[in-house]
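**Student:** Submitted below is the structure of interest, expressed as C-alpha cells.
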Amino acid sequence: LNRRRGQIEGMDSKGMSQVIKAKVPLSEMFGYVTQLRTLTSGRATSTMEFSHYSETPANIAADVIAKAKGKTEKV
C-alpha cells in the first residue's frame, strides 16, 4: 500500500485473518485487487468505500494536466 500512496490506519486480527484499514487514492487502486489476490494465492479479499476528497500532490497534478493537454491538442 505504501507504493500506492496509501496511509495505513490500523491492523486488527479477526479469527485467523488480518484486517488492514488504509486510505489510498482511487487512482492508485486500479489493479490492486488482482495483485493482492495473486500475492495471496486467491485468499485475500478487499473492500473499498469513499472517504474524502483531498488535494492532488503537485507532481501528480502536473502529469494529469500534461496528459489532458496532449489529448486535446491531438483532436
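**Student:** Quick check on my filter: what residues within region 35-46 are in a helix (DSSP H, G or I) and under 12 Å from the mean Cα position of the chain (by Cα)? Write out each step before concluding.
**Tutor:** So in region 35-46, the residues in a helix (DSSP H, G or I) come out as 35-39.
Scanning region 35-46 gives Gln35, Leu36.
**Student:** Could you figure out which of (1) more than 14 Å from the chain's Cα centre (by Cα); (2) surrounded by 11 or more Cβ atoms within 10 Å (Cβ to Cβ) isn't true of Met11?
**Tutor:** Unmet condition: (2).
Read-outs: derived from the displayed coordinates by stated rules, not from any lab. Owing to the predicted nature of the structure, the values given are computational and were not obtained by experimental measurement. All Cβ positions, even for glycine, are placed from backbone atoms using ideal geometry, and neighbour counts span all protein chains on display.
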